[in-house]
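Trainee: Before I ask anything, here is the structure I am working with.
The values are calculated or read from the model by the stated rules, or taken from the named source; none is laboratory data. No experiment lies behind these values; they were computed from the predicted model shown. Cβ: placed from backbone, ideal geometry, glycine included. Neighbour counts: every protein chain shown. The accessibility values were calculated without ligands, DNA or RNA, using every heavy atom of the protein model including side chains. Shrake-Rupley method; radii C 1.70, N 1.55, O 1.52, S 1.80 Å.
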Amino acid sequence: MWKYVVKRFLLMFPTLIGVAMLAFLLLRIVPGDIVEARLMGSGGAFVTAQMIAEERAQYGLDQPLWRQFAGWMWGLARLDFGRSMWTGAPIGEEIKLRFALSLQVAVMASVVATVLAIPLGVLAALKQDTWIDYAVRIFSIAGLATPSFWLGIVIILGFLIIFRWLPPMVYTPFWVDPWQNLAQLIWPALAVGYRYSAVATRMTRSAMLDVLREDYIRTARAKGLWMKLILVRHALKNAMLPVVTVIGIEFAFLLGGLVVTEQVFNLNGLGMLFVESVARRDYTLTQALVMLTASAFIVVNFLMDVMYAWLDPRIRYR
Amino acid sequence: MRSVMALVSLLLAAVLAAPVAAQDKPRSGGELVFPVPSEPPSYDGHREETFGLIHPFAPFYNTLIRVDPNDPSGTKPAPSLAESWTVSGDGRTYTFKLHRGVKFHDGSEMTSKDVKASYDKIINPPPGVASDRKGQYQNVEAVEAPDPYTIRFRLKFPQGSFLLSVASPWNFIYKADILAKDMHWYEKNVMGTGPFTFVEHVKGSHVVGKKNPNYWDKGKPYLDGFRALFVRDSAAQVSLIRGERAHIQFRGFSPKERDTLKSALGDKIRVQESPWDCILMIAINHDKKPFDDKRVRRALSLALDRYAGSKALSQIAIVKEVAGVQVPGTPYATPPDELAKLAGYGKDIGAARAEAKKLLREAGVPDGFAFTFRNRGVPMPYEPLAIWLIDQWRQVGLNVKHEVVESAAYYDQVLRPGNFEVAMDFQCGYIVEPDLDLYKFVSTDKNPSNYSRYTDRVLDDLYTKQGRTQDPEERKRLVRTFEKRLLDEEAHYLMTLQWHRIIPHLAKVKGWQITPSHYLNNTLDVVWLTE
């Protein structure tokens, strides 16, 4: 087990270096840069070539690519992401500001999804082809077909039109005012969590159906084992492998991928920061965010692999 | 009997008018809440370009003079830190007398030394300090501070627009001592003389300002404070106003959003509208055949039914007025009757299109001639305008392909290298002023931002002359001549439709006047709330 964990851990680093190279190069291939984004906002009638060149030099964009890359990698090695080209603020500060919100929404949405998905998926599998199964399937297909941002708009408009109430549009940290914090974040968490639960419900149902048909379940039933015990100890634990995968990947995605939902609920999260940094060609910030997201995926994958090994002792690294 | 009736009418009118008058008397108190769709990279007005800086940060500062907040045309200079000014007989020296007793928020006195330091930074920034509008002040020979309450600008030659360029909303007056220590200090800190003092800026969330109790303009501001919320999504901005969680958004909404708010809030909402000092125009690449032929360029303009386009597009997009080179309703704008004499502005579209076809034939352009129209990847209003243009050109036998290029790459990949035949170009001003608006169209060797890539010394000469004349009527004549040459005789550039600014705000907001520029009237010193 430990050998497996160490090998999986070491494998993370070449993956991250590959991501860093790709992020750096892809951003430079895309036309336009931050100077264009900053100076041409009003049409740039008075912007001269000299001004553009001076600005580019200030951002270090006049340096050869290899030097820019080497500088960035040297910073990464020291865990120094540098400063945002757009705001001039340290990148760590820019991310820290948004991370708590994004993490909270991701955790809340994951809780919503898990609380809905596992019981519903198990129930649907146990009651296969009954009205309960059909109801759960309709519920989950509707979740898959409903974009979270659309559900968000419906939630906001519903509150506005029916109750003349609007969720808070400014983030308040949980430790400052829990009520205000939840009043803002519960709605995006529900909107996102519903879609997320739909994926997980379907996965739980199909995994449970597979497991329930296994010989060892039949044997357990035949020897008269209590059904609840069969479900929890034998079926659910084995059915959880694909479900854990889905939940893990979705969680990593939620950290930086809630762009439109963040826009609808005016959440100052990492998703919006990501989109804005790309649109502004803020290379340093975009690179840092790519690295953060990639790290989140890689760490979640690593944890999932460790969990697989725990759930299924047959899994070993070869 | 008639006199009795007159007296009764007068009394009745007085009684009815009384509550209105009482309501129109500014009331102190309250916090103005407004969403801002964009957030600035830094706090330095001298280096930034985005209204996302002006809307939440202008209330912390004053400028030397400003645009009269009650002038709907946004073109009248009015006192601010300078209480008065004089212009020398030769038009080359502007002397401003400063208010006495103006204090910075740190309690120190503001004097001419601070104004001089601020303008020196704007006009001649040291290496490594960005000043995005320094090009507009190249005519300034020297800025002098002969005594603590006098500031003097000496110009190389007379410049009709100079007063308004000093009224620029970007030219915040900073403290000289701070600038002397660190020219970049104002990029990350806020400290001015404005009606509000800085409380906090939570990035991506909000900016809060509170009333400056020591404001030099006694009795102002009326508000206790303001809260600017950074809200990017326009649907969320509409929801905030609809839910009465915000009072106003200062940039503008679309016609549909205005209608949504009006139907939802009825009398609680007041809508102010104005032509907007932004316009999409068509750059025609003179280096590409057959667009080097002015008959072809004129044909492109003659094909456009701008009046029908205005009616249709103003329902769905933020464009409306048929305009020349100046925003309609402003001092140098060409009146509609005169404008209708220019190519492509006539009311008889049938005759105009017949002439367009004739010109194309004469220029040897065959029926069904195909070219590509390159457009910037911004949905509103670039997309609907492009669709309209392509349809209009199709009606004179041109076959136009629409190609959209991502916004951040547009100038670098398309306009600047001349990598297009016909393309959308854009200009947005902070004050309607011919010097600022016409510079775009001088020859490309003088201004590389002229993307039609032509050399026209007649236009260059007219530009210089209109800028230097001191006589407004003569200037008007020169601007019209410039316009006729640019849009009609040579058709170097084509104007589409003027943007249209729509500000629906809660009726309880008083004292704010819409202007053609979304960069103006954001000091908030005269704004108040009825409840």
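Trainee: Would you work out which of B:Tyr43, A:Leu303, A:Gly158 lies farthest towards the positive end of the dipole of the protein assembly as shown, given +1 charges on the beta-carbon of Lys and Arg and -1 on that of Asp and Glu, about the Cα centre?
Mentor: Of the options given, the answer is A:Leu303.
Trainee: May I ask for the percentage of alpha-carbon pairs in the stretch A:63-217 that lie more than 24 Å from each other?
Mentor: 56
Trainee: Here's another thing I want to ask about it. From the alpha carbon gyration tensor of the stretch B:89-158, can you work out the equivalent ellipsoid semi-axes (sqrt of 5 times each eigenvalue) and give them in Å, largest to smallest?
Mentor: 22, 18, 8
Trainee: Can I ask one more? Report Rg/Rh for chain B, rounded to two decimals, where Rg is the Cα radius of gyration and Rh the Kirkwood radius.
Mentor: Radius of gyration relative to Kirkwood radius: 0.99.
Trainee: Mind listing which trypsin sites (Lys or Arg not before Pro) in the stretch A:246-316 are in a DSSP loop and have 16 or fewer other Cβ atoms within 10 Å?
Mentor: Filter output for the stretch A:246-316: A:Arg314, A:Arg316.
Trainee: In the stretch B:464-502, whose amide N lies under 19 Å from the spot 7 Å out along Cα-to-Cβ of B:Asp292? List them in ranges.
Mentor: Answer for this model: B:490-493.
Trainee: Once you have the Kirkwood Rh of the stretch B:191-343 from its Cα pairs, apply Stokes-Einstein at 4 °C and 1.567 mPa s and quote D in µm²/s.
Mentor: It diffuses with D of about 65 µm²/s by this estimate.
Trainee: Oh, and also: Name the residues of the stretch A:267-289 whose accessible area falls by at least 30 Å² when all protein chains are present instead of the chain alone, probe 1.4 Å?
Mentor: Buried on complex formation: A:Asn268, A:Glu276, A:Arg281.
Trainee: Additional query: Given 0.36 nm per residue, what is the gain on full extension from A:Val299 to A:Trp2 after removing their alpha carbon distance, in nm?
Mentor: Length gained, A:Val299 through A:Trp2: 105.3 nm.
Trainee: Give, in nm to one decimal, the length gained when the segment between A:Met307 and A:Met12 is fully stretched (0.36 nm per residue of separation minus the Cα-Cα distance).
Mentor: Length difference between fully extended and current span is 104.6 nm.
Trainee: Could I ask something else about it? According to a simple spin-label model (label point 7 Å from Cα along Cα-to-Cβ), what is the distance in nm between B:Lys268 and B:Thr150?
Mentor: For the pair B:Thr150/B:Lys268, the computed spacing is 5.6 nm.
Trainee: If you take the C-alpha gyration tensor of the stretch A:1-63, multiply each eigenvalue by 5 and take the square root, what semi-axes do you get, largest first, in whole Å?
Mentor: 43, 11, 8
Trainee: Go ahead and run the numbers for FRET between A:Asp210 and B:Asp348, Cβ-Cβ distance against an R0 of 60 Å, rounding to 0.05.
Mentor: E(calc), rounded to 0.05, equals 0.20.
Trainee: No solvent, one uniform scatterer per C-alpha: report log10 I(q)/I(0) for the stretch B:375-439 via the Debye equation at q = 0.14, 0.23, 0.29 1/Å, two decimals.
Mentor: For the requested q values the scattering log ratios are -0.52, -1.04, -1.18.
Trainee: Return P(r) of the stretch B:299-430 (all Cα-Cα pairs; 10 Å bins starting at 0; whole %; ordered from short to long distances).
Mentor: 12, 36, 39, 13, 0
Trainee: Still on this structure, please answer the following. Quick one: compute the contact order of chain B, relative version, from alpha carbon pairs under 8 angstrom and 6+ residues apart, as a percent.
Mentor: 22
Trainee: Ok, one more. Taking only the Cα atoms of the protein assembly as shown, how large is their convex hull per residue, in Å³?
Mentor: 235
Trainee: Counting only other residues whose beta carbon sits under 11 Å from that of A:Val136, what net charge do I get with K and R as +1, D and E as -1?
Mentor: +3
Trainee: Hey, with R₀ at 30 Å, roughly what FRET efficiency would B:Ser88 and B:Ala507 work out to, going by the Cβ-Cβ distance, to 0.05?
Mentor: About 0.05, to the nearest 0.05.
Trainee: If each of B:Asp177 and B:Lys311 carries a label point 7 Å out from its Cα toward its Cβ, how far apart are those two points in nm?
Mentor: So the two model labels end up 6.5 nm from each other.
Trainee: Under the Kirkwood approximation for Rh and a Cα-based Rg, what ratio Rg/Rh is obtained for the stretch B:44-172?
Mentor: We get a ratio of 0.94 for the stretch B:44-172.
Trainee: Over all alpha-carbon pairs of the stretch A:227-316, lay out the pair-distance distribution in 10 Å bins, whole %, shortest bin first.
Mentor: 16, 33, 24, 17, 9, 1
Trainee: First compute the accessible area of the stretch B:105-182 with a 1.4 Å probe, then give the percent of it belonging to carbon and sulfur atoms.
Mentor: Heavy-atom surface of the stretch B:105-182 belonging to carbon and sulfur, 1.4 Å probe: 52 percent.
Trainee: Multiplying the sequence separation of A:Trp165 and A:Ala89 by 0.36 nm and subtracting their Cα-Cα distance, what value in nm do you get?
Mentor: My answer for the length gained is 23.8 nm.
Trainee: FRET efficiency for A:Arg137 and A:Ala183, Cβ-Cβ distance as r, R0 = 41 Å, nearest 0.05?
Mentor: With a Förster radius of 41 Å, E is 0.80.
Trainee: Now for a different question. Return the calculated 222 nm mean residue ellipticity for chain B, to the nearest 500 deg cm²/dmol, obtained by summing -39500 (n - 2.57) across DSSP H runs with n ≥ 4 and dividing by the residue count.
Mentor: Helices in chain B give a 222 nm mean residue ellipticity of -8500 deg cm²/dmol.
Trainee: Starting from the Cα of A:Asp129, step 7 Å along the direction of its Cβ; do the same at A:Arg67; then give the gap between the two resulting points in nm.
Mentor: According to this spin-label approximation, the distance is 7.2 nm.
Trainee: Calculate the mean, over all residues of peptide A:160-173, of how many other protein chain Cβ atoms lie within 10 angstrom of the residue's Cβ.
Mentor: 4
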